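These notes are about the structure you will find just below.
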Amino acid sequence: MTSVVRAGHLAPYFKASAPVVSNGLKLVAAVPTPVDKLVASPLPITSTVQSLHGALPVQGLKPKCSTRAPFQVRFAHSDIAVPDFSAYRRKETQDPRTKAEENVDQRQSFTYLIAGVGSMAGAYAAKSVVTQFVSSMSAAADVLALAKIEINLAEIPEGKSVTFKWRGKPLFIRHRTADEIATEKAVPIETLRDPQSDEQRTQDPKWLVIIGVCTHLGCVPVANAGDFGGYYCPCHGSHYDASGRIRKGPAPLNLEVPPHVFNEGLLIVG
Amino acid sequence: MSLWATLNRTVFKRTSTFALAVASGTFFFERTFDVASQAIFEHINKGKLWKDIKHKYE
């Protein structure tokens, strides 16, 4: 018993009832003090758990010693009315005896509507964010406009290779003769190191548009030189033909063809 | 009341129709939102926009 008595906040009650256990003669019980001494707030209009708790007669509890004292403490288990939850109830369920399926539409649809509209707004926001980030990866319109070069093809005589600067790199435009076209078309593709047909490399067979950077170590090849009548890289001796394809020497790939379009006598590269 | 009932029974009850309604509703929401926000912007900045001063320079 003594060990139980020491158990924390219950100690006063155990102390008060200890004589009952020890001699069995004195009757001791905890009784609520008379109502006029109780400090309890009157029953509130809206009956909630919190407000009703204030009205319970537990605050003024005092142990009392008497032979005639009643044995039991009667807490209000049965004489308190069922709390009124009407303040919390939806309009449709004010009468708690109605069936759930009769008012399920009114109860659920507004909640679902809010959820649906919220999802719509969320989807729109997500789409906007993704679009903004993806479009930030593409170049701006002014940058794209500067990255293009227009070349008047009438100024380039037949059989001549002209060099321009395009995006910091030399750009070779070659106006090919009929002989050169025939030669390049006749080359068997299987014999090439980087097999590409002449049709794959040119849009108009008369015009060859290539970037003048050797695919070996990046020197600028010399036009109309080398064993194959095209380009020759003086650094390590790579020979390119009149279609810009590697034919001899250390370079592994053909000269690069940039994206280009022909437009009424104008060549637009980029 | 019957509007809520129809809406709940046909659209909200099933996740598939709910998701479909959200996805298709987003298109209309986007259009409405964009037009409305654009209109608000132009109302606030009336007189400062290029379309308001264009006639002075052309």
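Measuring spread by the Cα atoms of region B:3-57 yields a radius of gyration and Dmax of 19.7, 60 Å. Among B:3-14, A:93-104, the peptide with the highest mean count of other Cβ atoms within 10 Å heads the list, and the full ranking is B:3-14, A:93-104. Under the simplified labelling scheme, the residue A:99-residue A:53 pair shows an inter-label distance of 3.9 nm, with each label point 7 Å from Cα along Cα→Cβ. Could you state the number of Å between the C-alpha centres of region A:113-162 and region A:192-245? Answer, in whole Å: 32.
Order of A:254-265, A:137-148, A:202-213 by packing, highest average Cβ count within 10 Å first? Before the final figure, lay out each step's value.
Working: A:254-265: 14.3, A:137-148: 9.8, A:202-213: 19.4.
Per-residue mean Cβ counts within 10 Å order the peptides as A:202-213, A:254-265, A:137-148.
Using θ = phi - 60° in the Karplus curve 6.51 cos²θ - 1.76 cosθ + 1.60, the 3J(HN,Hα) couplings for region A:141-152 round to 5, 5, 5, 5, 5, 6, 7, 9, 9, 10, 10, 7 Hz; x is entered for Gly and Pro. Note that region A:87-96 has calculated 3J(HN,Hα) couplings of 5, 9, 7, 5, 4, 6, 10, 4, 8, x Hz, one per residue in order, obtained from phi through the Karplus relation 6.51 cos²θ - 1.76 cosθ + 1.60 (θ = phi - 60°); glycine and proline are x.
Legend: mean number of C-beta atoms from other chains within 10 angstrom of residue C-beta atoms, peptide A:112-118, equals 4. Charged side chains reduced to their Cβ positions (Lys and Arg at +1, Asp and Glu at -1) give region B:3-57 a dipole of some 60 debye around its Cα centre. Listed peptides B:38-48, B:16-26 appear in the order B:16-26, B:38-48 once ranked by packing, highest mean of other Cβ atoms within 10 Å at the front.
Where a number appears in this text, it was derived from the coordinates with a stated rule and is not lab data. Please read all numbers here as calculations on a predicted model, not as lab measurements. In this analysis, Cβ positions are derived from the backbone assuming ideal geometry, glycine residues included, and neighbour counts consider all displayed protein chains.
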